[in-house]
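Notes follow once the structure below has been shown.
The values are calculated or read from the model by the stated rules, or taken from the named source; none is laboratory data. Fair warning: this is a prediction, and the values are worked out from it, not measured in the lab. Don't worry about glycine lacking a Cβ; one is built from the backbone with ideal geometry, like all the others, and counts go over all protein chains shown. Just the protein is used for accessible areas: all its heavy atoms, side chains included, with ligands, DNA and RNA removed. Shrake-Rupley method; radii C 1.70, N 1.55, O 1.52, S 1.80 Å.
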Amino acid sequence: MSQSWVPISTILKTAPKLLERPAYAKNVTMIQVDKFLRNIFPRAEEGTAQQIRQCSIRITDLCNLRCHTCGQWGDHGFLRSCSIKELRSREVTPERYIELLHDLKSHGHTPSVYLWGGEPMLYKGSVEIIEEAARLGMAPSIATNGTGLSEQAERLVDAPMFVVQISVDGPDAATHNASRPGSSPSIDNFATITRAIDRITELRKDRKQRLPLIAALTTINNVNYNRLVDIYEVFKDKVDVCVFYLAWWIDEASAEKHTKDFAERFGFQPEKHFGWIGSWRPPDYQVLSDQLKKLNGYAARFDGPAVIIMPPLTEVPQLEQYYTDHDSTFGFDRCVSIFSAVEINSNGDMSPCRDYHDFVVGNVKENTITELWNSERYKVFRKSLSEKGLMPVCTRCCGLMGY
């Protein structure tokens, strides 16, 4: 049974910075401890869970990019036909999110708070939520394309945020913007991310602090697969962590299998997974392998940023299997995220699963997170995955193979 871990080299390189905020350090440590204990002692008979270790909020569906590897706004994204006005109108208010965080605290939960989207900085209230999470000791992080970061950098650094995770898909504008084109031709996202990284770095230096950590997240695709080392070289003096991810995706056959499997388990057909159908396999597995092995060499060094390859596959046969055999799990056979992380969608729906969120346990506009966390419907989902195993969409999920 494989289990995802934050690599030791990453812990050693980031621990001194993280220890500026002991509450944040505790958040991160307990996520890993819970994963370890859950794998040894599944305790799945009743589908119940204990502490909430991460509160993941897809805070808005709106985005100003049209990234090819995105299941929301990408080539086959499930949001492409949606009304922007409608998407915005159904969002949860910042005030309600802050109420929910205080309710968590009052019930003994101090999870890390993770905002993503869409583009979370397009949500009016993201900064206020981050600031409140920081005050409550709930290590706040954000996954962003950099939009609005430089303008809000002072407040984010002063909070302080725990991690600013910025998508970096190329070492230069041509490569990055080819992977992450804008919703309009005028958008130069590479300029946006470099400006944001420079501004946050400048403010950290001025304030003589090490947080927030800056993480570059690279989604490996058929445009940048041969430029990964270049990405590291360009950003190694600008970021604290470099994450290289083999991509979250599903193939046509597995999508059809999932429809049938899900319907048999839960009595209705899912729809969201079709947005993640894609074929981003690299043209040359040997080239990708050479790139990843070189990055592993950088990871072992004491200098430079921490390096995470997710999942940790570097050999040619492994990579080919990852991209061509969707049934292969590489030993990652048990989902433990559903026992430690809550997933809230932009309209307030709470689901056990981050992006294949057809299964909804309730809505946080009407109930608190703590009321839904061990509801009967949540238990049904946990028991299904624990007793019947993973569903077809699960095998390429960062919640399964990620940190």
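Which GluC sites (Glu not before Pro) does the range 44-131 hold that lie in a coil by DSSP with at most 11 other beta carbons within 10 Å?
45, 46
What distance in nm lies between label points placed 7 Å from Cα along the C-beta direction at residue 103 and residue 89?
2.5 nm
Is it possible to state the helix-based mean residue ellipticity at 222 nm for the chain, with each DSSP H run of 4+ residues giving -39500 (n - 2.57), the sum divided by total residues, to the nearest 500 deg cm²/dmol? What is it?
-12000 deg cm²/dmol
Taking 45 Å as R0, compute the FRET efficiency from the Cβ-Cβ separation of residue 253 and residue 29 and round it to 0.05.
For residue 253 and residue 29, the calculated efficiency is 0.70.
Let me know the shape class of the chain, please: from the alpha-carbon gyration tensor, a ≥ b ≥ c as square roots of the eigenvalues, rounded when a/c is under 1.5, otherwise prolate if a/b is greater than b/c, or oblate.
Note, shape of the chain comes out rounded.
Only sites in a loop by DSSP and with at most 14 other Cβ atoms within 10 Å count here; which GluC sites (Glu not before Pro) in the range 259-315 make the cut?
271, 315
Within the chain, what whole-number % of the accessible surface is contributed by carbon and sulfur, with the 1.4 Å probe and all protein chains included in the calculation?
Looking at the chain in its full context, I get 52 percent from C and S.
What GluC sites (Glu not before Pro) in the range 321-403 are in a loop by DSSP, with at most 13 other Cβ atoms within 10 Å of the Cβ?
For GluC sites (Glu not before Pro) across the range 321-403 that sit outside H, G, I, E and B with at most 13 neighbouring Cβ atoms in 10 Å, the list reads 366.
Taking θ as phi - 60°, what are the ³J(HN,Hα) couplings along the range 180-191 by the Karplus curve (6.51, -1.76, 1.60), each to the nearest whole Hz, with x for Gly and Pro?
10, x, x, 6, 9, x, 6, 7, 10, 5, 4, 5
Using heavy-atom solvent-accessible surface (probe 1.4 Å) with all chains present, what is the largest-first order of 155, 180?
In descending accessible area the options line up as 155, 180.
With contacts defined as alpha carbon pairs under 8 Å and 6 or more residues apart, what's the relative contact order of the range 8-402 in percent?
RCO, the range 8-402: 21 percent.
Treating cross-link reach as a plain straight distance, find the aspartates and glutamates whose alpha-carbon is under 20 Å from the alpha-carbon of residue 293, omitting any fewer than eight places away in the same chain.
169, 230, 233, 240, 284, 303, 315, 320
Given a 1.4 Å probe and the protein chains all in place, what does the accessible area of residue 361 round to, in Å² to the nearest 10?
Estimated to the nearest 10 Å², residue 361 gives 20 Å².
Taking the Cα centre of the chain as origin and charging only Cβ (+1 Lys, Arg; -1 Asp, Glu), how large is the dipole, in debye to the nearest 20?
So the dipole magnitude of the chain works out to roughly 820 debye.
When all protein chains stay in place, what accessible area (Å², nearest 10, 1.4 Å probe) is found for residue 349?
40 Å²
Which listed residue (107, 93, 64) has the Cα farthest towards the positive end of the charge dipole for the range 64-116, taking +1 on Lys and Arg C-beta and -1 on Asp and Glu C-beta about the Cα centre?
64
Here are some pairs, 260/365; 205/294; 26/208; 105/205; 35/383; 105/365; which of them have Cα atoms lying more than 20 Å apart in this structure?
260/365; 205/294; 26/208; 105/205
Which value, in Å², gives the accessible area per residue of the range 8-402 when a 1.4 Å probe is used on the protein heavy atoms?
Using a 1.4 Å probe on heavy atoms only, each residue of the range 8-402 averages 40 Å².
Rounded, prolate or oblate: pick one for the range 71-135, where a ≥ b ≥ c are the square roots of the eigenvalues of its C-alpha gyration tensor, a/c under 1.5 means rounded, and failing that, prolate if a/b is larger than b/c, else oblate.
prolate
Going by the alpha-carbon gyration tensor, a ≥ b ≥ c the square roots of its eigenvalues, is the range 62-214 rounded (a/c under 1.5) or, if a/c is not under 1.5, prolate (a/b greater than b/c) versus oblate?
Oblate.
What's the local net charge at residue 385, with K and R +1, D and E -1, over the other residues with C-beta under 10 Å away?
+4
Restricting to Cα pairs below 8 Å that are 6+ residues apart, what does the relative contact order work out to for the range 118-251? Please round to a whole percent.
Relative contact order for the range 118-251 comes out at 24 percent.
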